[in-house]
Amino acid sequence: MNVLALEFPPVSHLFEWPDMLFSGTAYAVNKTVLVYLAAVAITGVIFILAGRPRASMVPTGVQHVAETGIDFIEDSIVMQTIGPDGRKFMPFLTTMFFFIMFSNIFEVIPGIQFPANSRMAVPITLAIVVWVIYNFVGVRSQGLGGYLKNSLFPPGVPVALYLIVTPIELVSTFVVRPFSLAIRLWANMVAGHLLLVTFAVLTQVLWSSTYIGAVGPFAMLVLMTGFEILVSVLQAFIFTILTAVYIGGSMHPAH
Amino acid sequence: MSQRRNRLAAAPLIAVLGLVALAGPAGASGESVGGCMAEHLAEAVEENHGDLEHTLHDEGVQDDLEKCFEAPNPILPETNEIIWGGLSFGLLFFFMAKKGFPAVKGAMDARAERIAGDLDAAEQAKIDARAVEADYQARLGDAKGEASRLIDEARGAAEQLKADLSARAETDIADMRERAAADIESARQQAIADLRAEVAGIALGAAERVVQSSLDAEVQGRLIDAYIDEVAGSNG
C-alpha cells in the first residue's frame, strides 16, 4: 500500500499469518497459534518452577513473578471487586491474567513482534466464557428471577426511569458486555501493533533516504515500545478486573 | 534433580518460542494482491477457453479482481485460532486449577503461616521475658524490702538492747546504792548500839562508883537510857 510515498504493508499482512501445519484445516497452526502456545508454556513453566516444594523463603526470579501476580490479583482485583467469596475464582482469573499478558507481550519481543490478541479469536472466546460464568454465577447466587430482577430493575432507581434503564441494562448486561470486553482488548492490541509498525516503517524509510530524519520516528518507536509493554500488562489487568467486576456484580447485586 | 526438572520445564517453552521466532516476518505472510489477481485471472481465462481479450472485458471477472484489493474483515475471528486459543486457555486453566495455582498459593500460605508462627513465638518469648523481668523485679523488690526490714529489726533490737542494758545498769546502780546506804545505816546502827553499850557500861561503872549504892537493874537501865538520850541530844 502506497501512502504518501511510503510503502506500507497491507493491513492484512500485519495480522494474518500463513499456515505452518495442518494447512487449510480448522486446526491449522500459524504464528498466532504459536504465540498462544508460547503464552501457555511460559505461564506453565513459571508456575511449575514457582511451585517447587523447596521454594525460597524470600521469593526471587520466577517464584517472585508468580507470587507477585497472585498477590496482585487477589489484593487488587478479587478483594476489591468480589470480596473473600471471590477467592474460588482465583485460579481462573490468574490464568486469564497471565495468558492475556503473555499473549500481548509478544508485541515487543524482538523477532516475534506480534500480539496474539490483535486477532479476535482469544478475546471473543474469553469474553464469551466470562459471559457464561457471570450469568451462571448470578443465577446460582440469586436464582433466575432474582438475577433478572436485579439486573434489569436495579434497586434505588425511580420506577418511571425503568422505562429507560431496563432496556439499557438488558442490552448492556446481556449483549454488549462480552463484545465490549473483547473489542477493548483486541482494538488496543491492533492499535499498538499498527503504531509500532508505522514508526518502524518510517524509521526504515527515512534512514535509507535521509539518515537524520530517522531519529524522530526511531525515538517514537522506542517510546512506543515501552508504552506497549505497559499497554500489554494494563489490558490484561483491565480484562481480568472487568471479569471480576461482572462476577462480583452477579454474586452481590447490592454492590 | 532440581536442575533436571528445570530443564524439563524449560524445554517446551524454548521449543514454542523457537517455533514462533521461525514463523517469519509479518510482511512475508498472506496472499499478495498480485498473486490473488493472477490466480483469479488465470481461472477466468481458463473458463473462457483461453480468450484473454474477452476475459479482460468481462465485468464479472473485473468484480472478482476488485475483491483482491479488499482486505478480509480483521474483526472476524478465524476458526483455527478460536480452536487453538480456546484449547490453549482451557489447557492452561486445567493445569493452573489442578497444580500450578494450588502449589504456589499453598507455598505462599505455608510461608505466611510459618512467618506468623515465628512472629507469635517471638511475641510469646517477649511476653515471657517481660514476665521473667517482672518476676525478677518483684523478687528484687522483696529482697530489698526484706533487707530493709532486717536492718530496721536489727536497729530496733540494738536500740532495745541498749535501753535494756541502760535500764539494768541504772537498776544495778540503784540497788548498789541502796545496799550501800543500808549497809551504812546498819553499820551506823551497829556503831550506835555498840557505843551505847560501851557508854552504858562506862556509865554504870562510874555510877556505881559514885553512888556506891546498889540499884536494881531496872533503875540502872532507866538511868543509863536517860543518860544516853541526853548525850545523844547534846551530840545531835
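Each reported figure results from applying straightforward, stated rules to the coordinates on display, with no laboratory input. Just so it is clear, the model here is predicted, and its values are computed rather than measured. Ideal geometry is used to build each Cβ from the backbone, glycine not excepted, and the neighbour counts take in all protein chains shown.
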Original post:
Relative contact order for the range A:104-189: what is it in percent, counting Cα pairs under 8 Å that are at least 6 residues apart?
Top reply: 42
**OP:** Would you kindly derive the ³J(HN,Hα) couplings of the range B:170-182 from the backbone phi angles with the Karplus curve 6.51 cos²θ - 1.76 cosθ + 1.60 (θ = phi - 60°), listing them in order in whole Hz, with x for Gly and Pro?
**Re:** 4, 4, 4, 4, 5, 4, 4, 5, 5, 5, 4, 5, 5
Original post:
Each residue of the range B:40-57 in turn: what ³J(HN,Hα) in whole Hz from Karplus with 6.51, -1.76, 1.60 and θ = phi - 60°, glycine and Pro shown as x?
Top reply: 5, 5, 4, 4, 5, 5, 5, 5, 8, 6, x, 8, 5, 4, 5, 5, 5, 9
**OP:** Identify the residues of the range B:104-125 with backbone N under 20 Å of a label point that sits 7 angstrom from the Cα of B:Val132 along the Cα-to-Cβ direction, or state none.
**Re:** B:118-125
**OP:** Along Cα→Cβ, 7 Å out, is where each label goes; now give me the distance between the ones at A:Phe179 and B:Ala197 in nm to one decimal.
**Re:** 16.2
Original post:
Farthest toward the dipole's positive end in the protein assembly as shown, which of B:Ile115, A:Val215, B:Ser166, given Cβ charges of +1 (Lys, Arg) and -1 (Asp, Glu) about the Cα centre?
Top reply: A:Val215
Original post:
In which sequence would A:Val35, A:Val197 go, from the one with the fewest C-beta neighbours within 10 Å to the one with the most?
Top reply: A:Val197, A:Val35
**OP:** Rank A:Val58, A:Val201, A:Val29 by mean-square fluctuation in a GNM of chain A with C-alpha springs under 10 angstrom and give only the top-ranked residue.
**Re:** A:Val58
**OP:** Evaluate E = 1/(1 + (r/R0)^6) for B:Ala97 and A:Ser208, where r is the Cβ-Cβ distance and R0 equals 35 Å; express this FRET efficiency to the nearest 0.05.
**Re:** 0.10
**OP:** Can you tell me the relative contact order of chain A? Whole percent, Cα pairs under 8 Å, sequence separation 6 or more.
**Re:** 24
Original post:
Using a basic spin-label model with each label point 7 Å from the Cα along Cα→Cβ, how many nm lie between A:Ala187 and B:Gln190?
Top reply: 14.7
Subject >> Stokes-Einstein D in µm²/s, Kirkwood radius over Cα pairs - the range B:43-93 at 25 °C with 0.890 mPa s viscosity >> reply: 172
Subject >> Order of A:Trp207, A:Trp186 under a 10 Å beta carbon neighbour criterion, fewest first >> reply: A:Trp207, A:Trp186
Original post:
Any idea what Rg and Dmax come out to for the protein assembly as shown if you just take the C-alpha atoms, in Å?
Top reply: 59.3, 225
Original post:
GNM, chain A, Cα, under 10 Å: largest mean-square fluctuation among A:Arg52, A:Arg140, A:Arg87?
Top reply: A:Arg52
Original post:
Can you sort B:Lys105, B:Lys99 so the residue with the fewest Cβ neighbours within 10 Å comes first?
Top reply: B:Lys99, B:Lys105
Original post:
Residue-wise, which Karplus ³J(HN,Hα) couplings in Hz belong to the range A:232-238, taking 6.51 cos²θ - 1.76 cosθ + 1.60, θ = phi - 60°, and x for glycine or proline?
Top reply: 4, 6, 4, 5, 4, 4, 5
**OP:** Please list, or write none, the lysines whose alpha carbon is within less than 27 Å of the alpha carbon of B:Lys162, excluding same-chain residues fewer than 8 places away.
**Re:** B:Lys144
**OP:** Starting from the coordinates of the alpha-carbon atoms of the range A:86-198, obtain the Kirkwood hydrodynamic radius over all distinct pairs and give the value in Å to one decimal.
**Re:** 16.2
Subject >> Among A:Ala66, A:Ala236, A:Ala39, residue whose mean-square fluctuation peaks in a GNM of chain A (springs only between Cα atoms under 10 Å) >> reply: A:Ala66
**OP:** Determine which lysines satisfy two conditions relative to B:Lys105: a Cα distance under 30 Å, and not lying fewer than 8 residues away in the same chain.
**Re:** A:Lys88
Original post:
Along each of its three principal axes, how wide is the spread of alpha-carbon positions in the range A:2-251, in whole angstrom units, largest first?
Top reply: 67, 56, 40
